[in-house]
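Q: Would you mind keeping the following structure in view while I ask a few things?
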Amino acid sequence: MDQYRTPLFDAIRGFIDEGNAPLHIPSHKLGQAIHPKWKAYAGDEIFKMDLCEVQGLDDLHQPKGAIQESQQLAADAWGARESYFLVNGTSSGIIASICTVCGEGDKIIVPRNAHKSVVFGLIVSGAVPLYVNAEIDRERGLVGGFLPSALARVLDENPGAKAVFGVSPTYHGVCSDMKGLIDATHAHGGLFIADEAHGNHVYFHEDLPSGALALGADFACQSIHKMSGSLTQSSMLHIGEGCKELNGARLRACLQMAQNTSPSYLLQASLDLARSYIATEGHDLLDNLIGMVRRARERLGAIHGVDVLGPDLIGGHGIFDYEPIRLVVSARKLGIEGYELYEILRRDYRIEMEFGDYYYGVCVLGLGTQESDLDRLVQAMDDLSGKWRGRRAPLAWDEELPPMPPMLMTPREAFFAERESVPWRNAKGRISAELIVPYPPGIPTICPGEPFTDEVWGFLDSQYRNGRHLHGPKNGQLDEVNVVAE
Ligand SMILES: Cc1ncc(COP(=O)(O)O)c(C=O)c1O
């Protein structure tokens, strides 16, 4: 197909050029009532594009015109059978995919380190998760890959499991053997849902890891906004060419449920344009980016006390491939935690990374990354290395993870059960109504429906006291937790 085409953007431009009197939503009327401060800063045109389902602009929930055509172009670009635009992020695609494939009581295999939107999908669908642990690289404090052999064991023990969920690459750039996982799933008659929130650009350059759709995934949920240049919140859900047993009507109903009824045209137009851009210019842009990141990785790796994750991880801990444009740095040998690194870089060097955990600072790079920004990072790390050398002992993460607690209620039962907030000291033995994820290693220690066993309670308590960041409980504090009422 002609990937230079941008049917939705063109339809929006055409509508604006017609000069229709705007007696329709939204109320700012093509920007007339936008705050002058904002217009002075942003200009006029962008606000004219903030439209709704006016005539000629199609309807995301029943596309028959420009949106349908734009989605077909997306399917062609990513090698999918069908593609759906998402205006509520990949989270909405994950929820819709799980609800399409699984109903109440159906089993779905989920790596324990999956994104929290998976838990929301479990809550909405009532599906029963069978959690599988990914491998862990203890020395690096890093979650590794999800092994096909581990998956095959769970599939053998659970005939009739409806689906398998897999994420690759992870936030830290780790890729699992997706082909092995997808083939094992299909051999057992299930459908494979791939989380490619961080891996949607990989389809456009041969030096990047293979995309899940090309490897046979049935569903691929992609944050185009994270990696392929569209506006924040805009994502896509693709259906794989070989997907069997897709209930299209149910998928469309689930997408309606998971998304709003006034889908933003700015977001949808940005998907139309981002697709055209990456499909036509992406290879050259990625080529340039891959080179820039390789140079930065080499320079960073040569700095005393600084480590960078990279392709040398491949082969260990279930790591099948590494996404080379993810730049994950660590100054743990200088005794600097990733959380501190994140703050120091912002405060002292005006560098804003995506995320910091105990060992790592995660830089998310993309089509728009400039080499000068990477130079600033290299210079900052070099400066930091000089200033911090010999001041602190290297960090070591040597905690034993507690055994996964049993699931006493499904996530849905635990979510909808009456709940109460209890002081942390009284939580032992109670069933959690929430997810708690310490970093490292970024794997939930407890999920909704599981009890605070002695081991889980003790582990979380020591993590908290040692200053590790906990995602899930209120404000990241362990003063109180939400449990199912007795
Ligand atoms: C692995 C993973 N999956 C899914 C999501 C959800 O993506 P979105 O923000 O597009 O809803 C995220 C967001 O950070 C993520 O990291």
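The values are calculated or read from the model by the stated rules, or taken from the named source; none is laboratory data. Computed from a predicted model, the values in this text were never measured in an experiment. Here the Cβ positions follow ideal geometry from the backbone for every residue, glycine too, while neighbour counts run over all protein chains shown.
Q: In this structure, is His188 more than 22 Å from Val328 (Cβ to Cβ) and free of Cβ contacts under 8 Å to residues at least 40 places away in the same chain?
A: Spelling it out, His188 is indeed more than 22 Å from Val328 (Cβ to Cβ) and free of Cβ contacts under 8 Å to residues at least 40 places away in the same chain.
Q: In the list Gly180, Gly211, which residue meets the criterion of being surrounded by fewer than 24 Cβ atoms within 10 Å (Cβ to Cβ), closer than 14 Å to Asp321 by Cβ and not hydrophobic (A, V, I, L, M, F, W, C)?
A: Gly180
Q: Considering segment 83-107 alone, what residues qualify as being of a type in the set (A, V, I, L, M) and either free of Cβ contacts under 8 Å to residues at least 24 places away in the same chain or surrounded by fewer than 24 Cβ atoms within 10 Å (Cβ to Cβ) (or both)?
A: Val87
Q: Quick one: Asn133 ticks every box in (1) closer than 19 Å to Glu400 by Cβ; (2) free of Cβ contacts under 8 Å to residues at least 24 places away in the same chain except a single one, so which number is it?
A: (2)
Q: Then there's this: Out of curiosity, is Leu460 under 20 Å from Ile136 (Cα atoms) and in contact with a Ser or Thr (Cβ under 8 Å, 6 or more places away or on another chain)? Let's see the steps before the verdict.
A: On the way: under 20 Å from Ile136 (Cα atoms): yes; in contact with a Ser or Thr (Cβ under 8 Å, 6 or more places away or on another chain): yes.
Here the answer is yes, as Leu460 does meet what is asked.
Q: Quick one: Cys243 ticks every box in (1) outside any strand (DSSP E or B); (2) out of contact with any Lys or Arg (no Cβ under 8 Å at 6 or more places or on another chain) bar one, so which box is it?
A: Every listed condition holds for Cys243 apart from (2).
Q: Considering only segment 22-129, give the helices (runs of 4 or more DSSP H) lying wholly within it that have at least 3 residues that are within 16 Å of the ligand (Cβ to nearest atom) and either under 30 Å from Pro444 (Cβ atoms) or touching a strand residue (DSSP E or B) at 6+ places or on another chain (Cβ under 7 Å) (or both). Full working, then the answer.
A: Values: elements: 36-42, 45-48, 66-78, 89-101, 116-125.
So the answer is 89-101, 116-125.
Q: Answer with yes or no whether Ala127 is within 17 Å of Leu435 (Cα to Cα) and out of contact with any His (no Cβ under 8 Å at 6 or more places or on another chain).
A: Judged against the criteria, Ala127 is a match.
Q: Are there any pairs, at least 6 apart or on different chains, whose C-beta atoms fall under 6 Å, with the first in segment 141-153 and more than 16 Å from Glu323 (Cα to Cα) and the second small (Gly, Ala, Ser), and if so, which?
A: The qualifying pairs are Leu147/Gly318; Pro148/Gly180; Pro148/Ala184; Leu151/Ala184; Ala152/Ala184.
Q: Next question, about the same structure. For the structure I just gave you, tell me whether Thr170 is over 24 Å from Phe355 (Cβ atoms) and of a type in the set (Ser, Thr, Tyr).
A: Judged against the criteria, Thr170 is not a match.
Residue by residue, here is whether (1) within 21 Å of the chain's Cα centre (by Cα); (2) surrounded by fewer than 17 Cβ atoms within 10 Å (Cβ to Cβ) holds:
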| site | (1), (2) |
| --- | --- |
| Leu23 | no, yes |
| Ala33 | no, yes |
| Pro63 | no, no |
| Leu73 | no, no |
| Arg112 | yes, no |
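Q: Would segment 350-365 turn up any residue that is assigned to a helix (DSSP H, G or I), in contact (Cβ under 8 Å) with a residue 12 or more places away in the chain and on the phi < 0 side of the Ramachandran plot?
A: Scanning segment 350-365, I find no residue that is assigned to a helix (DSSP H, G or I), in contact (Cβ under 8 Å) with a residue 12 or more places away in the chain and on the phi < 0 side of the Ramachandran plot, so the answer is no.
Q: OK, next. Is it the case, given these coordinates, that Ser462 is hydroxyl-bearing (Ser, Thr, Tyr), under 27 Å from Arg346 (Cβ atoms) and more than 27 Å from the chain's Cα centre (by Cα)?
A: Spelling it out, it is not the case that Ser462 is hydroxyl-bearing (Ser, Thr, Tyr), under 27 Å from Arg346 (Cβ atoms) and more than 27 Å from the chain's Cα centre (by Cα).
Q: Among residues belonging to segment 331-377 that are touching a strand residue (DSSP E or B) at 6+ places or on another chain (Cβ under 9 Å) and of a type in the set (Gly, Ala, Ser), point out the one that is farthest from Lys387 (Cα to Cα).
A: Per the stated criteria, the residue is Gly356.
Q: Moving on to the next point. Under 19 Å from Leu122 (Cα atoms) and not charged (D, E, K, R), is that true of Cys221?
A: For Cys221, the condition - under 19 Å from Leu122 (Cα atoms) and not charged (D, E, K, R) - is met.
Q: Out of the residues in segment 130-144 meeting the condition of being part of a loop (DSSP other than H, G, I, E, B) and either closer than 14 Å to Ile109 by Cβ or charged (D, E, K, R) (or both), tell me which one is farthest from the chain's Cα centre (by Cα).
A: The qualifying residue farthest from the chain's Cα centre (by Cα) is Glu139.
Q: Which one of the conditions (1) more than 30 Å from Phe120 (Cα to Cα); (2) surrounded by 16 or more Cβ atoms within 10 Å (Cβ to Cβ); (3) of a type outside the set (A, V, I, L, M) does Gly368 fail to meet, given that it meets all the rest?
A: (2)
Q: Going residue by residue through segment 420-432, is there one that turns out to be within 19 Å of the chain's Cα centre (by Cα) and not acidic (Asp, Glu)?
A: Checked segment 420-432: no residue is within 19 Å of the chain's Cα centre (by Cα) and not acidic (Asp, Glu).
Q: Which one is nearest to the ligand (Cβ to nearest atom) among residues in segment 135-144 that are of a type outside the set (Gly, Ala, Ser) and in contact with a Pro (Cβ under 8 Å, 6 or more places away or on another chain)? So that I can check it myself, show each step before the final result.
A: Let us first name the residues in segment 135-144 that are of a type outside the set (Gly, Ala, Ser), namely 135-140, 142-143.
Imposing the further condition that a residue be in contact with a Pro (Cβ under 8 Å, 6 or more places away or on another chain) reduces the set to 136, 142-143.
On the way: Ile136: 17, Leu142: 15, Val143: 11 Å.
Selected residue: Val143.
Q: Got a number for residues in segment 439-457 being at pLDDT 95 or above and small (Gly, Ala, Ser)?
A: Here the count works out to 1.
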